[in-house]
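Here the structure is laid out as C-alpha cells; the discussion comes afterwards.
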Amino acid sequence: MENPRRMVLVNENDEIIGYRARAEKQPEDIYRVSCLWITNSKGEILIAQRSHLKNTDPGKWSTAVSGTVDEGEGYDDNIVKEVKEELGISVALHELQKGHKTLLQGTNQFFCQWYSLTTDVTDFVLQKEEVEAVRWISKEELAREFAEHPERFARTASEWLPRIMGKA
C-alpha cells in the first residue's frame with residue numbers, strides 16, 4: 001500500500017517543525033499552501049469552484065489554483081505541480097510572479113504563498129476531485145458577487161479578495 005502524503009507542518013514563523021498525514025490534521029496545526037491568481041489580457045480573473053468532494057468549502061468559489069505543500073516539496077515545486085494537476089496546463093516557475101505570503105486563520109491555519117500569472121489560455125482540463133468549474137470574471141463583477149453572496153465563496157475569501165482586488 002502506498003504511503004499517504006504528509007503535509008508540511010510549520011510554526012508561526014513558517015519554519016518546518018514536522019509532517020502529518022492529511023487525514024490526521026489537528027486543529028492547532030499550521031501548514032503550507034501555495035495559491036495562484038490568474039488574470040488574462042482583458043484584466044479578467046479566473047476563479048475556480050472547489051469540488052463538491054472537498055472537505056473544506058466544497059462547491060465554493062476560490063482562487064484559480066491552490067494546493068497543500070507536501071513533504072519533500074517547497075512552495076515553488078508545489079504550485080507548478082498543482083497548476084498542471086488542477087487545470088491541465090503546464091507552466092514553468094519563471095512564468096509565475098511570486099507574491100506575498102500570509103498566514104490565513106479560520107477553521108484551518110496555513111501560510112499561503114501567492115503567485116500570479118497572466119495568460120489567455122482557455123482550454124483547461126479540470127481535475128474533478130479538486131475543481132468543479134472555472135470561469136473568467138471581471139474585477140467589478142467579482143466584487144459585486146462577493147458583496148451580494150459571500151456564502152458562495154471560500155471562507156478565506158474575505159482575507160485574500162481585497163488584496164487581489166488592489167484594496168489592501
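Where a number appears in this text, it was derived from the coordinates with a stated rule and is not lab data. Everything numeric in this text was worked out from a predicted model, so none of it was measured.
Note: relative contact order over the chain, using C-alpha pairs below 8 Å and six or more positions apart, is 26 percent. Once you order the gyration tensor axes a ≥ b ≥ c over the Cα atoms, which shape class does the range 31-168 get: rounded for a/c under 1.5, otherwise prolate or oblate by comparing a/b with b/c? Here the range 31-168 falls in the rounded category. Compared with the direct C-alpha span, the chain from Phe124 to Asn55 gains 22.5 nm at full extension, assuming 0.36 nm per residue.
Partners of Lys54 within straight-line reach, counting lysines whose Cα lies under 29 Å from its Cα and excluding those fewer than 8 residues away in the same chain: Lys25, Lys81, Lys84, Lys98, Lys101, Lys128, Lys139. Look at the alpha carbon pairs under 8 Å that are at least 6 residues apart: their mean separation over the length of the range 34-92 gives a relative contact order of 30 percent.
If both residues of a DSSP beta bridge must be in the chain, then about 70% of such bridges are antiparallel.
Coupling constants for the range 28-34 follow from the phi torsions by the Karplus curve (6.51 cos²θ - 1.76 cosθ + 1.60, θ = phi - 60°), and in residue order they are 7, 5, 10, 10, 10, 9, 10 Hz; glycine and proline get x. Separation of the range 101-124 from the range 1-76 is 8 Å, based on Cα centroids.
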